[in-house]
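Scroll down for the structure; my scribbles are underneath it.
The values are calculated or read from the model by the stated rules, or taken from the named source; none is laboratory data. Owing to the predicted nature of the structure, the values given are computational and were not obtained by experimental measurement. Here the Cβ is made from the backbone with ideal geometry for all residues, glycine too, and neighbour counts use every protein chain on show.
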Amino acid sequence: MSPSTLPASVPLHCPGVAIIGGGPAGLMAAEAARAAGVEVDLFEAKASAGRKFLIAGRGGLNLTHGDPRPDFDRRYTLGARSVAGWLDAFDGPALRRWAAELGVRTFVGTSGRVFPEDLKAAPLLRSWIARLKADGVRFHMRHRWIGFDGEGRALVDMPGGTRHLEARAVVLALGGGSWPQLGSDGAWLPWLSARGVPTRPLDASNCGFERPWTDLFRTRFAGAPLKPVAALWTDADGVARSRQGECVVSEYGLEGSLLYAIGADLRAALQARGEAGLLLDLLPATPEAKVREALGRDRDGRSLSEVLRRRLRLEGAKAALLRECLPPATLGDPAALAAAIKRLPIGLGPPRPIAEAISTAGGIALEAVDDDLAIRALPGWYACGEMLDWDAPTGGYLLTACFASGRIAGRTAASRAATRP
Ligand SMILES: Cc1cc2nc3c(=O)[nH]c(=O)nc-3n(C[C@H](O)[C@H](O)[C@H](O)COP(=O)(O)OP(=O)(O)OC[C@H]3O[C@@H](n4cnc5c(N)ncnc54)[C@H](O)[C@@H]3O)c2cc1C
């Protein structure tokens with residue numbers, strides 16, 4: 001039964017702010033609203049809050065990044081200007097101080113990424129939720145917002161039935177669409193579009209790209225890192241770019257932080273031209289002339305593999321990738337091979353499905369909300385976190401923007417709740 005055909009329901013009354021979604025953005029909104037002195041009810045579809053946050057802890061919980069601003073702001077590949085406004089109120093150092101207040105000390109890793117000292121999410125989440133409860137935030141688990149009824153009232157499915165929500169202000173913090181088994185499934189997108197809220201389809205971000213491998217290469221090298229390598233590509237403005245980093249060969253193609261960092265441009269190129277046009281430099285520290293010289297010298301009876309390994313330290317997955325991607329004629333021509341080692345064309349196919357991605361772009365268009373994160377088309381409703389249409393690579397930028405936007409939405413929703421009957 002669609003929400004609009006549901007029978008009239010009894011109200012679910014919230015005297016202050018209702019937060020829907022118990023991820024990092026929703027929890028931060030709850031904290032900010034409560035700190036402003038209003039009553040806060042938090043509704044979460046799952047049996048517990050912060051499930052994706054806990055999964056992020058499996059990779060060490062990269063909370064934020066040590067980049068100073070404005071370099072930090074520039075890492076947002078979509079929506080950087082809006083995110084910068086949120087960060088003015090709560091940036092990376094503020095996030096670290098906040099974590100310390102919860103008893104979680106953080107450190108800056110060699111890559112500039114910031115982690116809790118114990119690399120875990122659970123202790124932080126536990127003490128945060130305990131503090132929110134002690135401060136009076138009421139948690140309602142297994143309460144799922146299921147859309148609007150015919151009168152435009154928000155309906156909540158909860159143990160015992162469906163009720164319509166009555167609140168002075170509502171903060172939506174429903175996340176994007178990746179890893180739907182953890183709770184954020186993007187189901188809300190058509191409900192908001194139907195109410196006149198500008199939205200964009202969700203797009204997989206921070207995910208791998210498909211590239212069919214031969215059985216031999218996949219069997220031997222799936223899981224093998226390619227590092228260091230440099231990616232050479234053309235960005236959305238047609239500017240030639242390069243970036244050094246690491247990627248990983250996977251069963252289906254390529255993944256890893258280097259691809260996540262440039263994924264927005266690759267997706268745009270795939271959409272515009274049907275191909276990503278990615279080149280990999282397998283020896284970023286070695287000039288092409290040196291590679292050419294090493295390959296042009298007499299081989300002294302050595303095989304190509306031996307020459308690559310001994311003279312250029314090019315072996316394992318990197319060397320196999322050359323055989324995988326290049327025709328025999330190129331492998332047999334030292335100058336052409338040297339050029340290919342420095343600019344190996346990797347024909348990437350589509351990004352992996354949204355469900356597998358670390359995050360999603362798309363969602364509520366940033367022009368749909370004002371600087372206070374109030375949804376223009378829905379007075380009294382606010383939005384924060386990954387459900388807004390911004391994007392960033394991994395590195396702690398995702399969580400930082402979720403926390404920062406949650407803080408703004410919670411604070412401004414509270415000020416509306418305090419002033420409206
Ligand atoms: C494997 C993995 C690792 C990651 N690692 C990192 C990392 O190290 N650093 C980093 O910065 N980011 C990381 N991320 C991304 C980060 O976890 C997300 O960007 C962040 O959790 C988004 O926060 P959010 O509050 O907007 O949404 P979510 O965390 O998705 O929370 C949304 C909540 O809303 C609830 N909800 C959804 N629909 C409804 C509904 N209709 N009614 C009621 N409740 C609903 C969901 O159940 C969920 O609890 C990782 C993501 C994944 C998948």
Please note which helices (runs of 4 or more DSSP H) are completely contained in the range 231-316 and include at least 1 residues that are in contact (Cβ under 8 Å) with a residue 40 or more places away in the chain.
257-273, 288-296
Just checking, how many residues over the range 251-306 are of a type in the set (Val, Ile, Thr) and at pLDDT below 95?
1
Residues of the range 31-57 being surrounded by 19 or more Cβ atoms within 10 Å (Cβ to Cβ) and away from the ligand (no atom under 11 Å from the Cβ), which ones?
GLU31, ALA32, ALA33, ARG34, VAL38, VAL40, ASP41
Flag if SER205 is in contact with a strand residue (DSSP E or B) (Cβ under 9 Å, 6 or more places away or on another chain), within 17 Å of ARG75 (Cα to Cα) and either surrounded by fewer than 20 Cβ atoms within 10 Å (Cβ to Cβ) or of a type in the set (A, V, I, L, M) (or both):
no
Could you check the range 134-153 and list, in sequence order, the residues that are among the aliphatic types (A, V, I, L, M) and free of Cβ contacts under 8 Å to residues at least 40 places away in the same chain?
ALA134
Would you please name the residue that is farthest from the ligand (Cβ to nearest atom), looking only at residues in the range 172-224 that are in contact (Cβ under 8 Å) with a residue 60 or more places away in the chain and β-branched (Val, Ile, Thr)?
THR214
Being touching a residue at least 40 places away in the same chain (Cβ under 8 Å), within 15 Å of the ligand (Cβ to nearest atom) and over 31 Å from the mean Cα position of the chain (by Cα) is the filter here, so list the residues in the range 154-165 that pass it.
THR162, ARG163, HIS164
Does ARG168 qualify as being within 30 Å of ILE146 (Cα to Cα), touching an Asp or Glu at 6+ places or on another chain (Cβ under 6 Å) and more than 15 Å from the ligand (Cβ to nearest atom)?
no
Criterion first (modelled with pLDDT of 95 or more, within 9 Å of the ligand (Cβ to nearest atom), outside any loop (DSSP other than H, G, I, E, B) and not aromatic (Phe, Trp, Tyr)) does ALA414 satisfy it?
no
